[in-house]
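Okay, structure first, notes after.
What follows draws every value from the coordinates through simple rules; no lab data is involved. Remember, predicted model here, so these are calculated numbers, not experimental data. As a convention, Cβ positions derive from the backbone with ideal geometry for all residues, glycine included, and neighbour counts pool all protein chains shown.
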Amino acid sequence: MTRLIFLGPPGAGKGTQAAALVNLFLVPHISTGDILRTAVAEKTELGQKAETYMNAGELVPDDLMLGLIRERLNQEDAQSGWILDGFPRNVAQAEFLDYLLADIHQPYDFVVNLDVPDEVILARLQKRGRQDDNESVIRHRLDVYRSQTSPLIEFYRSRQKLISINGNQPMETVTSDLKQLVSI
Ligand code: ADP
């Protein structure tokens, strides 16, 4: 049973590394960004509410996110483990996740922090070209990360659950570092 939470700035490679590890652990990759982008594309109620925030590089409000993650973690395929990518993104989400995981008896193994310097992040995101990847939105997403998400590094370090990995290395090297560190 593997349950991992991926932390790190936008463009750190969370999605890429999560995708590499799901094949190894045979658990679903739960990306809140992917779930939201699908909702936007399908024009669901959630998608319509989330779209403006996403395009502006803001966090989608917690009242939408908490219910979404609770529902997703209660689905059948999540009972055998998961890799969580994009949640939690602020302290309120992290506290809710602690409470939720205790409630559904799904303790996480580790929180993986992918460490990448700002200038590398900027260069990567400018190349990626997603709808929310233009210069000013990227900068705003980085500010949001710094002010709201990065405090979670301390939050999980103090719980002795944090693993930090140098994300500024070739993709395969990051994957093999990860495999070594989380191997049980
Ligand atoms: P990135 O790699 O840029 O961090 P994501 O795909 O994880 O991108 O997220 C894209 C956008 O989706 C975020 O900028 C935010 O608007 C929204 N989002 C994703 N996860 C969350 C979350 N847990 N809470 C609030 N908003 C979120």
Legend entry - Globularity ratio of region 42-86, using Cα Rg and 2.2 N^0.38 Å: 1.32
Legend entry - Contour minus Cα-Cα distance for LEU122 and LEU24 (0.36 nm per residue): 32.3 nm
Legend entry - Span from the region 124-184 Cα centroid across to the region 50-77 one, whole angstrom: 19
Legend entry - Most fluctuating residue given options ASP103, ASP118, ASP133, as computed from a GNM of the chain linking Cα atoms under 10 Å: ASP103
Inset, instruction - Calculate the spin-label point distance for ASP143 paired with ARG159, positioning each point 7 Å from the Cα along the beta-carbon direction, and give it in nanometres. - result: 2.9
Inset, instruction - Using Cα positions and a limit of under 16 Å, work out the lysines in reach of LYS14, with same-chain residues fewer than 8 apart set aside. - result: LYS179
Legend entry - Label point distance in nm, GLU172-THR52, each placed 7 Å from Cα along Cα→Cβ: 4.7
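Can you give me the orientation-averaged projected area of the convex hull built on the Cα atoms of the chain, in nm²?
9.9
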Inset, instruction - Please find, in a Gaussian network model of the chain (springs between Cα atoms separated by less than 10 Å), the residue of HIS140, HIS105, HIS29 whose mean-square fluctuation is greatest. - result: HIS105
Inset, instruction - Normalising by the residue count of the chain, find the relative contact order in percent from Cα pairs under 8 Å and 6+ residues apart. - result: 34
Legend entry - CD proxy at 222 nm, helix term only [per DSSP H run n ≥ 4: -39500 (n - 2.57); per residue of the chain; nearest 500]: -16500 deg cm²/dmol
